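The structure appears below as structure tokens.
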Ligand code: ATP
């Protein structure tokens, strides 16, 4: 397929906001796509080159993209920079300057989808000494053959700013519509995606051998989308909802999905990044497990020998980075509290009820530093309340109540797991949001060039970020310095394309960093766009930063519907 066709659909997607219209546009495009091209197309729509657990980053900052634009259009770097200041979007800069280009290059040829995709992969794979110059050259080569509209989207993909509000759910709908004419295949496609987390791969299998989608099974080294927990405000509400349940402590550690096949072990974070190198001690222990093939999940925590208690997630990770992995492994012994098992020796366990999975867990764990997360079987509210209070006394975050009959709900926030956490003011939980902008410091904070953050949550029905708080407190001086340092590197001239906002910060930034925020309660405010109805959206009252959540990707932040749910729970409490 010619890339021109893709770029034309991308342009129309940009002008469309309704999910149904987007689905139709994509479904039409998929109908014209061959089984050999569908995988690359899906990745490009997602603005990536591969599944999240395969590290294939473009590795080109804005400056280098501008150099490629300059070299392929015959404009000076200064001219490109000035236009970027004006337009605030490298895609529009590349498009405009290509339109103005006087000479067409001799080697110009029509770009195909495959050529664009594999050229971008080549850029991503170019590393080592002198790689920046090569990357600039390779990108300029693509621009040399590109039409202006094609260049708009290529520049944005390389810059990580391709955002037209098409989320994975819309792509799944469109795949189904492209073959069945309706959404009837959506559920099986979604399940396949949730257990391998690679939409490109799912689409390729769907195009090559659609019957295989139903038979999709969990496999080592294809991490599943993590199961997520719902919230309820009280122990009574939990028992009312799921009755007799398994209750575990909620550890504030680092969630790891562990895969073993023979001697090979990989560990994945909550955002499905490979973390194996950070935990050599766990890897050694996992290698010793009896089954040849096993996939399980747990929460990793470092133990403080002196104080005889576990460090929080933040401290566990910080220590490892600061003091080196080997030293930290010796000084801060690590434990993994294993809480679920998803596959053993080729058998997919995700459809089995928790009580059966639990039996298998108990068969293989504990094993050395791999501990078993203790489970209490609870039927009565009072007992649940006691366990919760005990957990808080032990400085834990709270508890997880689990439905013993539920399957593993990969990628879904369902009542299979319910969390009950310590409250902050009237609020029953903290919110994780993505930083979309920041404010300059005033008064005593002027010297930090940092005075606060603009925070957004994710509306997964609209595939848009929506602002929910301006955070001015909770920062130490060191944090202000380091936040300014990381955020100033990702400043953008314009707000993120997939953000709905009313309030403007001093600087916009790429939505990259996730922070956890405590607050007193959720209110309605005319300033924010979260769940906007009429003039008012939801807002956090007295928001204060707790910590950076490096284990979460921007789209894994709290959703607008969760904020609405917390607002409702506040009233119930
Ligand atoms: P939070 O922000 O409350 O930590 P989250 O947004 O990371 O939660 P949730 O789905 O709300 O994710 O809560 C589930 C998380 O709780 C899991 O991601 C896991 O890291 C953590 N957790 C701690 N203890 C357990 C446990 N015993 N069983 C399952 N998950 C646990």
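Taking each residue of the range 68-88 that is farther than 22 Å from residue 134 by Cβ and looking for partners that are not in a helix (DSSP H, G or I) with beta-carbon atoms closer than 8 Å, six or more apart or interchain, yields 84/493; 85/493; 87/493; 88/492; 88/493; 88/494. The residue that is nearest to residue 140 (Cα to Cα), counting only those in the range 84-97 that are modelled with pLDDT of 95 or more and more than 30 Å from the chain's Cα centre (by Cα), is 97.
For the range 252-301, residues that are within 16 Å of the ligand (Cβ to nearest atom) and outside any strand (DSSP E or B) total 11. Within the range 390-417, the only residue that satisfies the criterion of being buried (at least 21 other Cβ atoms within 10 Å of the Cβ), assigned to a strand (DSSP E or B) and under 21 Å from the mean Cα position of the chain (by Cα) is 417. Checked against (1) in contact with a strand residue (DSSP E or B) (Cβ under 8 Å, 6 or more places away or on another chain); (2) on the phi > 0 side of the Ramachandran plot, residue 507 meets all criteria but (2). Residue 172 meets the conditions (1) surrounded by 17 or more Cβ atoms within 10 Å (Cβ to Cβ); (2) free of Cβ contacts under 8 Å to residues at least 60 places away in the same chain; (3) touching a helix residue (DSSP H, G or I) at 6+ places or on another chain (Cβ under 6 Å); (4) farther than 23 Å from residue 25 by Cβ in every case but one. The failed one is (4).
Candidates in the range 329-345 are the residues that are away from the ligand (no atom under 15 Å from the Cβ) and at pLDDT 95 or above; of these, the one that is nearest to residue 227 (Cα to Cα) is 343. If the condition is being in contact with a helix residue (DSSP H, G or I) (Cβ under 7 Å, 6 or more places away or on another chain) and more than 15 Å from the ligand (Cβ to nearest atom), then the range 516-553 contributes 521, 522, 530, 531, 538.
The residue that is surrounded by the most Cβ atoms within 10 Å (Cβ to Cβ), counting only those in the range 429-463 that are over 21 Å from residue 558 (Cβ atoms) and at pLDDT 90 or above, is 450. Touching a strand residue (DSSP E or B) at 6+ places or on another chain (Cβ under 6 Å), surrounded by 19 or more Cβ atoms within 10 Å (Cβ to Cβ) and not in a helix (DSSP H, G or I) - does that describe any residue in the range 313-324? No, that holds for no residue.
Looking across the range 554-573, the residues that are farther than 16 Å from residue 238 by Cα, within 16 Å of the ligand (Cβ to nearest atom), in contact (Cβ under 8 Å) with a residue 40 or more places away in the chain and assigned to a helix (DSSP H, G or I) come down to 554, 555, 556, 560, 561, 562, 563.
For every residue, the table says whether it meets (1) more than 12 Å from the ligand (Cβ to nearest atom); (2) on the phi < 0 side of the Ramachandran plot; (3) in contact with a helix residue (DSSP H, G or I) (Cβ under 8 Å, 6 or more places away or on another chain).
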{"residue": "359", "(1), (2), (3)": "yes, yes, no"}
{"residue": "367", "(1), (2), (3)": "yes, yes, yes"}
{"residue": "370", "(1), (2), (3)": "yes, yes, yes"}
{"residue": "375", "(1), (2), (3)": "no, yes, yes"}
{"residue": "385", "(1), (2), (3)": "yes, yes, yes"}
{"residue": "394", "(1), (2), (3)": "yes, yes, no"}
{"residue": "400", "(1), (2), (3)": "no, yes, no"}
{"residue": "406", "(1), (2), (3)": "yes, yes, yes"}
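Taking residue 416 as meeting all but one of (1) in contact with a helix residue (DSSP H, G or I) (Cβ under 8 Å, 6 or more places away or on another chain); (2) in the same structural domain as residue 566 (by TED's automatic domain parsing), write down the number of the exception. Result: residue 416 passes all but (2). Only one of these conditions is not met by residue 240: (1) over 30 Å from residue 379 (Cβ atoms); (2) away from the ligand (no atom under 13 Å from the Cβ); (3) out of contact with any helix residue (DSSP H, G or I) (no Cβ under 8 Å at 6 or more places or on another chain). Which number is it? Result: residue 240 fails condition (1) only.
The values are calculated or read from the model by the stated rules, or taken from the named source; none is laboratory data. The shown structure was predicted, so the numbers you read here are calculated from the model rather than taken from an experiment. Ideal geometry is used to build each Cβ from the backbone, glycine not excepted, and the neighbour counts take in all protein chains shown.
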